[in-house]
Amino acid sequence: MDKKTVKLILNILKIIVSIVLVVASTVSLLGATLISVARDYLQSEQFIEQIETTDLSTVKFMIDGEKVTVIDFAREKASEYIQDKMPSFYPFGNHAVDAIVTPNLVNTVIKTEVYKLVDYFLNTKVEDAEYRIENNITLEQNEELNVENAETPEDALSVYARLMVLRTIENTAGMSTDNFIILISEKTVSKLITLAVVLLVVLVIVNITTIFNNLLYGGIVGLLYGIVIKVAQGKFDEWNRGLEDLVGYVFLKPLADEYSANATIGIIVGIVLIALFVGVYFLFKNFVNKDKE
(Lines give C-alpha, C1' and ligand atoms only; values in the text may rest on other atoms or scores of the structure.)
Protein backbone atom coordinates (compact mmCIF):
# COMPACT_ATOMS: atom_id res chain seq x y z
CA MET A 1 0.00 0.00 0.00
CA ASP A 2 1.55 3.28 -1.10
CA LYS A 3 1.76 6.42 1.04
CA LYS A 4 -0.97 8.17 -0.90
CA THR A 5 -3.47 5.40 -0.17
CA VAL A 6 -2.49 5.30 3.51
CA LYS A 7 -2.91 9.06 3.75
CA LEU A 8 -6.35 8.83 2.11
CA ILE A 9 -7.47 6.13 4.56
CA LEU A 10 -6.20 8.12 7.54
CA ASN A 11 -8.02 11.22 6.31
CA ILE A 12 -11.26 9.26 5.94
CA LEU A 13 -10.87 7.84 9.45
CA LYS A 14 -10.14 11.32 10.80
CA ILE A 15 -13.31 12.68 9.19
CA ILE A 16 -15.42 9.81 10.58
CA VAL A 17 -13.99 10.27 14.10
CA SER A 18 -14.53 14.03 13.84
CA ILE A 19 -18.17 13.58 12.84
CA VAL A 20 -18.74 11.21 15.77
CA LEU A 21 -17.15 13.74 18.13
CA VAL A 22 -19.28 16.54 16.67
CA VAL A 23 -22.50 14.60 17.21
CA ALA A 24 -21.52 13.43 20.71
CA SER A 25 -20.46 16.90 21.87
CA THR A 26 -23.65 18.41 20.44
CA VAL A 27 -25.79 15.88 22.31
CA SER A 28 -23.91 16.62 25.53
CA LEU A 29 -24.33 20.38 25.10
CA LEU A 30 -28.03 19.95 24.33
CA GLY A 31 -28.55 17.82 27.42
CA ALA A 32 -26.75 20.33 29.65
CA THR A 33 -28.76 23.20 28.13
CA LEU A 34 -32.13 21.49 28.44
CA ILE A 35 -31.56 20.70 32.11
CA SER A 36 -29.92 23.97 33.20
CA VAL A 37 -32.52 26.16 31.46
CA ALA A 38 -35.34 24.11 33.00
CA ARG A 39 -33.80 24.39 36.47
CA ASP A 40 -33.38 28.15 36.09
CA TYR A 41 -36.93 28.59 34.77
CA LEU A 42 -38.55 26.64 37.62
CA GLN A 43 -36.86 28.99 40.08
CA SER A 44 -37.57 32.17 38.10
CA GLU A 45 -39.92 35.04 38.86
CA GLN A 46 -41.71 34.29 35.59
CA PHE A 47 -42.68 30.79 36.75
CA ILE A 48 -43.70 32.00 40.22
CA GLU A 49 -45.86 34.73 38.68
CA GLN A 50 -47.56 32.22 36.39
CA ILE A 51 -48.37 29.99 39.36
CA GLU A 52 -49.71 32.88 41.39
CA THR A 53 -51.91 34.27 38.60
CA THR A 54 -53.40 30.92 37.47
CA ASP A 55 -56.45 29.35 39.09
CA LEU A 56 -55.05 25.86 39.42
CA SER A 57 -58.43 24.40 40.36
CA THR A 58 -59.65 24.91 36.79
CA VAL A 59 -56.67 23.56 34.81
CA LYS A 60 -57.09 20.21 33.11
CA PHE A 61 -55.03 17.05 32.80
CA MET A 62 -55.50 13.69 31.12
CA ILE A 63 -56.68 10.70 33.09
CA ASP A 64 -57.68 7.45 31.39
CA GLY A 65 -57.74 9.29 28.07
CA GLU A 66 -60.17 11.99 29.22
CA LYS A 67 -59.65 15.64 30.15
CA VAL A 68 -60.45 16.27 33.80
CA THR A 69 -60.28 19.51 35.76
CA VAL A 70 -58.33 19.48 38.99
CA ILE A 71 -61.41 20.49 41.00
CA ASP A 72 -63.45 17.58 39.61
CA PHE A 73 -60.62 15.14 40.27
CA ALA A 74 -60.16 16.51 43.80
CA ARG A 75 -63.85 16.22 44.60
CA GLU A 76 -63.95 12.65 43.33
CA LYS A 77 -61.00 11.69 45.52
CA ALA A 78 -62.42 13.65 48.47
CA SER A 79 -65.67 11.72 48.10
CA GLU A 80 -63.74 8.45 48.24
CA TYR A 81 -61.79 9.69 51.27
CA ILE A 82 -64.91 10.81 53.15
CA GLN A 83 -66.67 7.55 52.41
CA ASP A 84 -63.70 5.63 53.79
CA LYS A 85 -62.56 7.84 56.66
CA MET A 86 -65.65 9.86 57.59
CA PRO A 87 -68.66 7.64 56.78
CA SER A 88 -70.99 9.73 58.97
CA PHE A 89 -70.63 12.59 56.49
CA TYR A 90 -71.10 10.46 53.40
CA PRO A 91 -74.96 10.41 53.40
CA PHE A 92 -74.83 14.13 52.63
CA GLY A 93 -73.23 13.14 49.31
CA ASN A 94 -72.11 15.79 46.89
CA HIS A 95 -73.25 18.64 49.14
CA ALA A 96 -70.67 17.68 51.78
CA VAL A 97 -67.92 17.29 49.19
CA ASP A 98 -68.75 20.61 47.52
CA ALA A 99 -68.78 22.35 50.89
CA ILE A 100 -65.40 20.93 51.92
CA VAL A 101 -63.55 20.88 48.61
CA THR A 102 -64.00 24.43 47.35
CA PRO A 103 -62.19 25.92 44.32
CA ASN A 104 -60.31 28.25 46.66
CA LEU A 105 -59.13 25.34 48.82
CA VAL A 106 -58.03 23.32 45.80
CA ASN A 107 -56.25 26.31 44.26
CA THR A 108 -54.39 27.04 47.51
CA VAL A 109 -53.45 23.41 48.16
CA ILE A 110 -52.25 22.81 44.58
CA LYS A 111 -50.11 25.96 44.59
CA THR A 112 -48.50 24.88 47.84
CA GLU A 113 -47.85 21.45 46.42
CA VAL A 114 -46.34 22.88 43.22
CA TYR A 115 -43.75 24.81 45.22
CA LYS A 116 -43.03 21.73 47.32
CA LEU A 117 -42.62 19.58 44.22
CA VAL A 118 -40.28 22.07 42.55
CA ASP A 119 -38.17 22.08 45.68
CA TYR A 120 -38.38 18.28 45.84
CA PHE A 121 -37.14 17.77 42.27
CA LEU A 122 -34.48 20.46 42.30
CA ASN A 123 -33.08 20.09 45.79
CA THR A 124 -33.44 16.41 46.68
CA LYS A 125 -30.03 14.85 47.20
CA VAL A 126 -29.01 12.61 44.34
CA GLU A 127 -27.76 10.08 46.89
CA ASP A 128 -31.26 9.80 48.41
CA ALA A 129 -32.81 9.19 44.99
CA GLU A 130 -30.16 6.57 44.21
CA TYR A 131 -30.91 4.85 47.54
CA ARG A 132 -34.63 4.57 46.70
CA ILE A 133 -33.81 3.21 43.25
CA GLU A 134 -31.41 0.62 44.61
CA ASN A 135 -34.00 -0.52 47.18
CA ASN A 136 -36.93 -0.45 44.71
CA ILE A 137 -38.91 2.07 46.77
CA THR A 138 -41.80 3.22 44.55
CA LEU A 139 -44.24 6.10 44.98
CA GLU A 140 -46.80 3.77 46.52
CA GLN A 141 -44.26 2.61 49.12
CA ASN A 142 -43.33 6.15 50.16
CA GLU A 143 -44.92 6.82 53.54
CA GLU A 144 -45.19 10.55 52.81
CA LEU A 145 -47.43 9.74 49.85
CA ASN A 146 -49.71 7.29 51.67
CA VAL A 147 -53.18 8.82 51.87
CA GLU A 148 -53.97 6.48 54.76
CA ASN A 149 -51.70 8.62 56.92
CA ALA A 150 -53.66 11.80 56.21
CA GLU A 151 -55.40 13.22 59.27
CA THR A 152 -57.66 15.77 57.57
CA PRO A 153 -59.36 16.18 54.18
CA GLU A 154 -56.85 18.95 53.43
CA ASP A 155 -53.94 16.60 54.10
CA ALA A 156 -55.55 13.94 51.94
CA LEU A 157 -56.06 16.46 49.14
CA SER A 158 -52.38 17.43 49.35
CA VAL A 159 -51.32 13.80 49.06
CA TYR A 160 -53.62 13.19 46.11
CA ALA A 161 -52.33 16.34 44.41
CA ARG A 162 -48.71 15.31 44.90
CA LEU A 163 -49.37 11.79 43.65
CA MET A 164 -51.27 13.14 40.66
CA VAL A 165 -48.35 15.33 39.60
CA LEU A 166 -45.70 12.70 40.29
CA ARG A 167 -47.57 10.01 38.38
CA THR A 168 -48.15 12.41 35.48
CA ILE A 169 -44.42 13.16 35.38
CA GLU A 170 -43.54 9.45 35.51
CA ASN A 171 -45.98 8.64 32.70
CA THR A 172 -44.77 11.54 30.56
CA ALA A 173 -41.05 11.01 31.17
CA GLY A 174 -41.27 7.22 31.04
CA MET A 175 -39.13 6.91 34.16
CA SER A 176 -39.46 6.95 37.93
CA THR A 177 -39.40 10.24 39.80
CA ASP A 178 -36.08 9.28 41.40
CA ASN A 179 -34.49 8.67 38.00
CA PHE A 180 -35.92 12.01 36.91
CA ILE A 181 -34.39 13.72 39.97
CA ILE A 182 -30.99 12.32 39.02
CA LEU A 183 -31.47 13.30 35.36
CA ILE A 184 -32.23 16.99 36.09
CA SER A 185 -29.71 17.39 38.90
CA GLU A 186 -26.82 19.86 38.85
CA LYS A 187 -24.55 16.84 39.05
CA THR A 188 -25.81 15.65 35.67
CA VAL A 189 -25.37 19.13 34.17
CA SER A 190 -21.76 19.22 35.37
CA LYS A 191 -21.08 15.77 33.90
CA LEU A 192 -22.57 16.73 30.53
CA ILE A 193 -20.63 20.00 30.34
CA THR A 194 -17.40 18.23 31.28
CA LEU A 195 -18.06 15.53 28.68
CA ALA A 196 -18.77 18.15 25.99
CA VAL A 197 -15.54 20.02 26.77
CA VAL A 198 -13.49 16.82 26.68
CA LEU A 199 -15.04 15.79 23.36
CA LEU A 200 -14.36 19.20 21.82
CA VAL A 201 -10.74 19.12 23.04
CA VAL A 202 -10.33 15.67 21.49
CA LEU A 203 -11.85 17.05 18.27
CA VAL A 204 -9.21 19.80 18.20
CA ILE A 205 -6.42 17.29 18.85
CA VAL A 206 -7.66 14.94 16.10
CA ASN A 207 -7.54 17.84 13.65
CA ILE A 208 -4.34 19.40 14.98
CA THR A 209 -2.59 18.98 11.61
CA THR A 210 -5.51 20.67 9.85
CA ILE A 211 -6.33 23.09 12.65
CA PHE A 212 -8.63 25.30 10.57
CA ASN A 213 -10.97 22.34 10.03
CA ASN A 214 -12.00 22.89 13.65
CA LEU A 215 -13.75 26.06 12.52
CA LEU A 216 -15.92 23.94 10.24
CA TYR A 217 -16.62 21.29 12.89
CA GLY A 218 -17.30 23.94 15.52
CA GLY A 219 -19.73 25.59 13.12
CA ILE A 220 -21.51 22.28 12.56
CA VAL A 221 -21.83 21.82 16.34
CA GLY A 222 -23.38 25.29 16.66
CA LEU A 223 -25.81 24.73 13.77
CA LEU A 224 -26.85 21.27 14.98
CA TYR A 225 -27.33 22.62 18.49
CA GLY A 226 -29.59 25.45 17.34
CA ILE A 227 -31.51 23.49 14.72
CA VAL A 228 -32.29 20.58 17.07
CA ILE A 229 -33.73 23.01 19.65
CA LYS A 230 -35.84 24.73 16.97
CA VAL A 231 -37.11 21.37 15.68
CA ALA A 232 -37.90 20.22 19.24
CA GLN A 233 -39.90 23.41 19.86
CA GLY A 234 -41.87 22.78 16.68
CA LYS A 235 -42.51 19.17 17.67
CA PHE A 236 -43.69 20.29 21.11
CA ASP A 237 -46.39 22.47 19.53
CA GLU A 238 -47.26 19.71 17.05
CA TRP A 239 -47.63 17.01 19.72
CA ASN A 240 -49.78 19.28 21.89
CA ARG A 241 -52.12 20.47 19.13
CA GLY A 242 -55.63 20.29 20.58
CA LEU A 243 -54.24 19.89 24.10
CA GLU A 244 -53.46 23.56 24.73
CA ASP A 245 -55.84 23.63 27.71
CA LEU A 246 -53.99 20.87 29.56
CA VAL A 247 -51.81 21.79 32.52
CA GLY A 248 -48.74 20.26 30.87
CA TYR A 249 -48.95 22.61 27.89
CA VAL A 250 -49.96 25.65 29.98
CA PHE A 251 -46.82 25.43 32.11
CA LEU A 252 -44.37 23.83 29.68
CA LYS A 253 -45.01 26.19 26.75
CA PRO A 254 -43.24 29.16 28.45
CA LEU A 255 -40.35 26.81 29.31
CA ALA A 256 -40.13 25.62 25.70
CA ASP A 257 -39.98 29.25 24.59
CA GLU A 258 -37.05 29.86 26.97
CA TYR A 259 -34.80 27.78 24.71
CA SER A 260 -35.23 30.14 21.74
CA ALA A 261 -32.32 32.37 22.80
CA ASN A 262 -30.00 29.35 23.05
CA ALA A 263 -31.07 28.15 19.62
CA THR A 264 -30.48 31.58 18.08
CA ILE A 265 -27.02 31.86 19.65
CA GLY A 266 -26.09 28.36 18.44
CA ILE A 267 -27.17 29.08 14.87
CA ILE A 268 -25.37 32.46 14.77
CA VAL A 269 -22.15 30.99 16.19
CA GLY A 270 -22.39 28.09 13.72
CA ILE A 271 -22.81 30.38 10.73
CA VAL A 272 -19.95 32.65 11.85
CA LEU A 273 -17.53 29.73 12.34
CA ILE A 274 -18.41 28.16 9.00
CA ALA A 275 -18.01 31.56 7.30
CA LEU A 276 -14.58 31.92 8.93
CA PHE A 277 -13.62 28.45 7.70
CA VAL A 278 -14.67 29.35 4.14
CA GLY A 279 -12.77 32.64 4.39
CA VAL A 280 -9.60 30.95 5.65
CA TYR A 281 -9.89 28.26 2.98
CA PHE A 282 -10.06 30.79 0.14
CA LEU A 283 -7.35 32.91 1.77
CA PHE A 284 -4.88 30.02 1.73
CA LYS A 285 -5.97 28.79 -1.67
CA ASN A 286 -5.82 32.13 -3.48
CA PHE A 287 -3.11 34.03 -1.59
CA VAL A 288 -0.91 32.06 0.81
CA ASN A 289 -0.35 28.97 -1.34
CA LYS A 290 -0.33 31.05 -4.51
CA ASP A 291 2.49 33.26 -3.13
CA LYS A 292 4.52 30.16 -2.37
CA GLU A 293 4.10 28.97 -5.92
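The values are calculated or read from the model by the stated rules, or taken from the named source; none is laboratory data. In this text the structure is predicted, and so the values were computed from the model without any measurement. Positions of Cβ are backbone-derived with ideal geometry, glycine not excepted, and every protein chain shown enters the neighbour counts. What goes into the accessible areas is simple: the full protein's heavy atoms, side chains included, and nothing from ligands, DNA or RNA. Shrake-Rupley method; radii C 1.70, N 1.55, O 1.52, S 1.80 Å.
Across every pair of non-identical alpha carbons in the chain, the mean reciprocal distance, once inverted, gives a Kirkwood radius of 23.0 Å.
Stick to Cα atoms and the Kirkwood definition of Rh, then tell me Rg/Rh for the stretch 85-219. Here Rg/Rh amounts to 1.26.
How much area per residue is accessible in the chain when the probe is 1.4 Å and only protein heavy atoms are counted (Å²)?
Details: 17480 Å² over 293 residues.
Dividing the accessible area of the chain by its residue count gives 60 Å².
For the pair LYS235 and THR108, label points projected 7 Å from Cα toward Cβ lie 4.3 nm apart.
From most to least packed by mean Cβ count within 10 Å, the peptides 205-212, 72-79 give 72-79, 205-212. For the chain, the fraction of 1.4 Å probe accessible surface lying on carbon and sulfur atoms is 63 percent.
Scanning the chain for long hydrophobic helices, with DSSP H runs required to stretch 24 angstrom or more by C-alpha along their axis and to average at least 0.0 on the Kyte-Doolittle scale, returns 3-42, 103-123, 153-173, 186-206, 213-239, 260-283. Shape class for the stretch 100-144, computed from the alpha carbon gyration tensor (a ≥ b ≥ c): oblate, with a/c not under 1.5 and a/b at or below b/c.
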